[in-house]
Each structure stands twice: as C-alpha cells, then as structure tokens.
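Here the structure is laid out as structure tokens; the discussion comes afterwards.
The values are calculated or read from the model by the stated rules, or taken from the named source; none is laboratory data. Values in this document were obtained by computation on a predicted structure and should not be read as measured data. Here the Cβ positions follow ideal geometry from the backbone for every residue, glycine too, while neighbour counts run over all protein chains shown. Calculation scope for accessible area: heavy atoms of the full protein, side chains included, ligands and nucleic acids excluded. Shrake-Rupley method; radii C 1.70, N 1.55, O 1.52, S 1.80 Å.
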Amino acid sequence: MTHFHLIDSTSSWPAPFDPEAAEIGRQDWLEAAAPLPCADTAKEIAANPSAGALMACIFGNSPFLSVSAIRDPEFVCRLMIDGPDETVRRILIDLSEKRKESLNENTLSRVLRIAKRQIALAVALADISGKWPLSKVTETLSKFAALSLSVASAHLLRESAAQGAFTLKDEVDPENQSGLIILGMGKLGAFELNYSSDIDLIVVWDDERVSCTSDDGPQSVCVRLTRQLVKLLEERTADGHVLRTDLRLRPDPGATPVALSVDAAELYYESLG
C-alpha cells in the first residue's frame, strides 16, 4: 500500500459543493491516468477514504484545480506521495535551472505555464489540507512569481543579446550586471501574493550598466524587452497563463514609457514622488 504524505488519518476536507461534478471529475481523472505509469497509484488514491475525499473536494469545488489535476494526473500522484514541501522544492529547483538554458520562446512559455499549474495544485492542496499556514502559502506563491520573472528576464536578455541589442557582461547569468532592474511592488514586494493576485512591477534601466549595442538606444530596447516580458507572462495559450502584470505604479504612468532610466526615476521621486 502506498503511503501518502499529503494526508493522514485525521485529515478532514471541505465537502464538495457539487457532488455530481466531484464524481465526474474523479472519473475523468482516472481515465486520464489509465494509460500512464501512475494508473495503479491513481486507483489507490481514489479508493483511499481520506485521499478520495480530498479529490472530491477539488473536483466538487474548484473548476481550475479540477482541470489542472485532470491534465496532469502523474503530478497529482507524486504530490500525494511526496507531500507539498518536497514537491514545491523540486518545482522551484527545476524552474531555476531553466535560467541557464537557451530555450526557444515556445518551450519556455510552456515550461512556465506547466510550473504555474503545478505550483497552484501543490499550494492549494497544502492550504486546503491545513499542512501550511497562510504565511507559507503567500510566500510560496510570491517566490514562484519572482522566479518566473527571473527566468523570463534571463531568456529575453539572452535573446536580445543574440539579436545584437545588448552585450552581456555574464553570458551564464544574463541578469547579472545587465543594468535592467525589475522592482516587485505591493503584494509581490511583501511576499504576500494570493491565488488571484496580479504582480505590480516597476522596470528601470541603469545607463551606467546597460551595454546597449543597438542603434535604437537603451530606452527603446528596454521598453521592447519589457513589453516582451509582459507578453511572455500574460499571454493565454493552450497551457494557460503565468501571471497578470501591472506596470502602472511607475512614475507618472500616463506620460512615461513602460521602462525608464534610473536617472529619470530618481528625478521624479526627488521632485514629485
């Protein structure tokens, strides 16, 4: 018999709001798992009273978590067995490694969206099960958001350098000394993101550090990179989206570009901010 770290004999789950949806979701999940190596584990989960009650809670209460679980039954089985702490640790390590890889944009887009789906499942089940306090839930969601920003930024800096826009000072770690500065404001800055939060960003560039080799100049290059960053995170694909972004907390957002120089930001805050 498989031991499930996510549950124990005292586990208690919210009853499904829609019992019919809970049963349909259970059947769909088992069907999705049937051709996979996790098929037997999935049957054990469905047959286990406590694990089955948790799955009913998912399928009977949350359409988003239901779709996420049905799309990735192998991940759900690993999550049940390993528990949320080990699962989240592995997701964040794997995603961090992507910062060092030269992936094409379609591949990176999919990697980020699958990681988002898996983080959402792991954190939600840790939350629902009572395994994690609220502070750990919001901290983990915030860590994922910050890491996603880092991975996406590294990719875009590497791509821009390949196209002749930048000279990177560190090709292994493109963000290092790049001169591009992304400030996480609001809930992200406080590591208090919730499940539906967008992320508030201010993007500035340091003229003394940016090695721009494009005829367009650093302003145009950094604005273009910022727009690409927003698209990479926000765009809805077949795999969903990563994060909604909001750039309106920058100085004078109605009149300034989405990325501005450090000097311009300093002048604004010294005189008007």
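How large, in percent, is the carbon and sulfur part of the accessible surface of the stretch 123-165 at a probe radius of 1.4 Å?
Ligands and nucleic acids excluded, carbon and sulfur reach 53 percent.
Expressed in nm to one decimal, what extension gain is obtained for the pair V67 and S271 from 0.36 nm per residue of sequence separation less their Cα-Cα distance?
68.4 nm
Quote to one decimal, in nm, the extra length available between E235 and Q177 on full extension: 0.36 nm per residue of separation minus the C-alpha distance between them. Walk me through the intermediate numbers first.
Numbers: separation 58, 0.36 × 58 = 20.88 nm, distance 2.82 nm.
Between E235 and Q177, full extension yields an extra 18.1 nm.
Tell me which residues come under 5 Å, amide H to amide H, from L193 once H is placed; ignore anything under 5 positions away on its chain.
Those lying under 5 Å, H to H, from L193 are S142.
What is the Cα centroid distance between the stretch 102-143 and the stretch 1-59, reported in whole angstrom?
Going from one Cα centre to the other spans 20 Å.
Quick check for you: with a 1.4 Å probe and neighbouring chains kept, what is the accessible area per residue of the chain, in Å²? Kindly include the intermediate steps, with their values, before the conclusion.
Values: 13600 Å² over 273 residues.
Computed with neighbouring chains in place, this is 50 Å² per residue.
I want to verify the translational diffusion coefficient of the stretch 89-143 in µm²/s; compute it with Stokes-Einstein, Rh as the Kirkwood radius over Cα pairs, at 20 °C and 1.002 mPa s. The partial results should precede the final answer.
Values: Rh = 12.2 Å.
Translational D for this selection: 176 µm²/s.
Take the alpha carbon atoms of the chain, find their radius of gyration, then divide it by 2.2 N^0.38 Å using N residues; give the quotient.
With N residues counted in the chain, Rg over 2.2 N^0.38 Å equals 1.16.
When DSSP assigns beta bridges and you keep just the ones with both residues in the chain, what percent turn out antiparallel, to the nearest 5? Before the final figure, lay out the partial values.
Values: 8 of 13 bridges.
Expressed as a percentage, antiparallel bridges in the chain total about 60.
Based on a Kirkwood Rh over C-alpha pairs, give the Stokes-Einstein translational diffusion coefficient of the stretch 26-159 at 20 °C and viscosity 1.002 mPa s in µm²/s.
Details: Rh = 15.7 Å.
The diffusion coefficient I find is 137 µm²/s.
Under 4.7 Å Cβ to Cβ, no partner at all: give me those cysteines from the chain, in residue order.
For the chain, the answer is C57, C212, C222, because their Cβ atoms have no other cysteine Cβ under 4.7 Å.
Taking every alpha carbon pair in the stretch 19-61, what does the distance histogram look like in 5 angstrom bins from 0, in percent?
6, 28, 31, 25, 9, 1
If each residue of separation counts as 0.36 nm, what is the full-extension length gain between D252 and L134 once their alpha-carbon separation is subtracted?
Numbers: separation 118, 0.36 × 118 = 42.48 nm, distance 3.43 nm.
The span from D252 to L134 would gain 39.0 nm if fully extended.
What is the P(r) of the stretch 156-273, as percent of Cα-Cα pairs per 5 Å bin from 0?
Whole-percent P(r) values from 0 Å outward: 2, 11, 19, 21, 19, 16, 8, 3, 0, 0.
Pop out the ³J(HN,Hα) list for the stretch 64-72 in order, Karplus 6.51 cos²θ - 1.76 cosθ + 1.60 with θ = phi - 60°, rounded to Hz; leave Gly and Pro as x.
Calculated HN-Hα couplings, in order: 5, 5, 4, 4, 5, 5, 5, 6, 9 Hz.
At L36 and D206, where each label point lies 7 Å from the Cα along Cα→Cβ, what is the point-to-point distance in nanometres?
Once both label points are built, they end up 4.4 nm from each other.
Contact order normalised by length for the stretch 1-140, with contacts defined as Cα pairs under 8 Å and 6 or more residues apart; what percent is it? The partial results should precede the final answer.
Numbers: 142 pairs, mean separation 42.3, N = 140.
Relative CO of the stretch 1-140 lands at 30 percent.
At 4 °C and 1.567 mPa s, grab the translational diffusion coefficient of the stretch 124-186 from Stokes-Einstein with a Kirkwood Rh over Cα pairs, rounded to a whole number in µm² per second.
In µm²/s, the coefficient rounds to 94.
Please state the relative contact order of the chain as a whole percent: Cα pairs under 8 Å, 6+ residues apart?
Values: 376 pairs, mean separation 40.9, N = 273.
Value for the chain: 15 percent.
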